[in-house]
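Here the structure comes first, spelled out in C-alpha cells, and everything after it is commentary.
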Amino acid sequence: MRHQPLITCAPPPPLVAVAHGSRDPRAAATVEDLLDLVRRRSGLRVVTSYLDHAPPTPGQALGALAGAGTGAGEAVVLPLLLTAAYHSKTDIPGALTEVRREHPRMRLRYGATLGPHPLMTAALERRLAEAGVTPDPDTALVLAAAGSSDPSANATIGRMARGWRGWRRVVPAYASAARPTPAEAVRRLLNAGAPRVAVASYFLAPGYFADKVRDESLAAGAVAVSGALGAAPELAEIIEQRYTEIITLGDQAAVG
C-alpha cells in the first residue's frame, strides 16, 4: 500500500505590532489591551513594539524573533497608526531595512495602517455612545485627530469626516500641525447654529493630545468628548484583516 506524503501546516508568522509609544503609561496599557483582544480572537502570536518612549523597538522585537529562529523565519509587521504619515512611510520602513540587513534570511512583510477603514466609523460611534452621544441631526460632530505635517494624512481625516452620515455636520480638526484645532471647530459649529456639538477622539490610546483635546473642547462648549479608541472590537477586526491582507499578497509584500 502506498503511503500518502505527510502534509504539515506551518504555524502562521507572528504579528509584530508597531505602536507610536508615549511617556503616559496609560498608552502602553491600552495598546496591550487591544493586542490581547487580537490574541484571544485570532490565536496569533502577537509581539508588541514601540517607535518611542517604551521598549522594545521594532528592530529589537524582530531581532529577538530572528535570533530565536537562528536568523531565519518570517514576520508580519503592522503599524498601529491611524493614518499613513511619516512614521508609517519612513520610520518603520527604515527600521525594517536595518533588520533585513542584520538578518538577511528573515522575511518581513509590512502591512497598512489601521485607518482609514470602514470599521473606524463604527469604532468611533461606539466610543461616542459610551460618552452619551449617538448620531442625531441636531448634533454636529468634530472628528479630532492628532494632526500631521503630511498633508495627505490630514486630507484622510477630512475625507472621513465628509463621508460620515447621521449627524448634523461632521468636520475635521487637528490637535497639532494643522488647523482648525478641535476647540476652534467646536466654536465655529456653535456659532453657525448647531444646537449641540460633540467631539469624536480619533486617537488609539489616551495621552497628552487626547487629554488636551478633551479639556479644550469641553471648555469651548462641546457637550461630550469620546474616549480613545483603545481595545474596541472593531479595531481588533481591522488588525486581523490587515494581517490577512498582507499574508495573501505573498511575495509582493516582502520587504528587502
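Values quoted throughout were computed directly from the atomic coordinates according to the rules given, and no laboratory measurement underlies them. Since this is a predicted model, take the numbers as computed values, not measurements. FYI the Cβ positions are ideal-geometry reconstructions off the backbone, even for glycines, and counts take in every protein chain you see.
This model, with +1 at the C-beta of Lys and Arg and -1 at the C-beta of Asp and Glu, gives the chain a dipole about its Cα centre of some 400 debye.
For the chain, complete DSSP H runs whose alpha carbons reach 20 Å or more along their own long axis and whose mean Kyte-Doolittle score is -0.5 or higher are 25-42, 233-249. Taking all C-alpha pairs of the chain, those more than 35 Å from each other amount to 22 percent. Peptide packing for 88-97, 18-27 was compared via the average number of neighbouring C-beta atoms within 10 Å per residue; ordered from the highest value, the list is 18-27, 88-97.
With the charge dipole of the chain set up from +1 on Lys and Arg Cβ and -1 on Asp and Glu Cβ about the Cα centre, the Cα lying farthest toward the positive end among the listed residues 27, 246, 146 is that of 246.
From helices alone, the chain scores -13000 deg cm²/dmol at 222 nm; the rule is -39500 (n - 2.57) for each run of n ≥ 4 DSSP H residues, then divide by the residue total. The Cα center of the stretch 29-79 and the Cα center of the stretch 158-233 differ in position by 31 Å.
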